[in-house]
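**Student:** Got a structure for you, questions after.
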Amino acid sequence: MACWKQLGLYPNPKSPVVQVNCRKKEKNRENYHPYKVIEITPPPRNLGVRCLPPNLQCGESVTIEGQAYTISAVTHRYQLRKGKYEPSEKRLDVLSTGRYILNLYLENLLEQS
């Protein structure tokens, strides 16, 4: 299972290394990777680190602890270490599905006016 170092927002090379292992109930395939999941509806809320497939895209729906969310952004961060860029974080910005649909509706109204 792939484990990423430094899953904080701003990795610091002096801080201790954090390893994330997917829970047994979440890993039923080899290709799942840890993502830091944040609900971006104000105020932002950290939903923790979840193991999800590596091919997630904006607009897809994911279920976390029984609640449906829609992915608003996927961010892959890299850090320069010893002359090479290494992955340091995978982050998902999500909205509850109801909020996502409401935002689309309001954006459509704004464009029409």
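**Student:** Near the amide H of Tyr35, under 5 Å away, which other amide H atoms are found, from residues 5 or more places off or on another chain, if H is placed in the peptide plane?
**Tutor:** HN-HN under 5 Å from Tyr35: Arg50, Cys51, Leu52.
**Student:** Could you tally the net charge around Asp93, taking each other residue with its Cβ under 15 Å from the Cβ of Asp93, Lys/Arg +1 and Asp/Glu -1?
**Tutor:** Counting the neighbours of Asp93, the net charge comes to +4.
**Student:** Run the quick spin-label model on Lys84 and Ile64: label points 7 Å from Cα toward the beta carbon, then report their separation in nm to one decimal.
**Tutor:** Spacing of the two 7 Å Cα→Cβ label points: 3.0 nm.
**Student:** From the phi of every residue in region 67-78, what ³J(HN,Hα) in whole Hz does the Karplus formula 6.51 cos²θ - 1.76 cosθ + 1.60 yield, where θ is phi - 60° and glycine or proline is x?
**Tutor:** 10, 8, 10, 10, 6, 9, 7, 10, 10, 10, 10, 10
**Student:** Using amide H atoms built in the peptide plane, which far-off residues or other-chain residues are under 5 Å from Gln79 H to H?
**Tutor:** Correct list: Glu86, Ser88.
**Student:** I need the phi-derived Karplus couplings for region 93-105: 6.51 cos²θ - 1.76 cosθ + 1.60, θ = phi - 60°, integer Hz, Gly and Pro marked x.
**Tutor:** 9, 10, 10, 4, 4, x, 5, 4, 5, 4, 4, 4, 5
**Student:** Below 15 Å, Cα to Cα, which aspartates and glutamates can Lys36 reach? Residues fewer than 8 away in the same chain don't count.
**Tutor:** List returned: Glu26, Glu65, Glu89, Asp93.
A short reminder: the numbers here are calculations on the coordinates, not readings from a lab. It should be emphasised that the depicted structure is a prediction, and the values quoted were computed from it without experimental measurement. Positions of Cβ are backbone-derived with ideal geometry, glycine not excepted, and every protein chain shown enters the neighbour counts.
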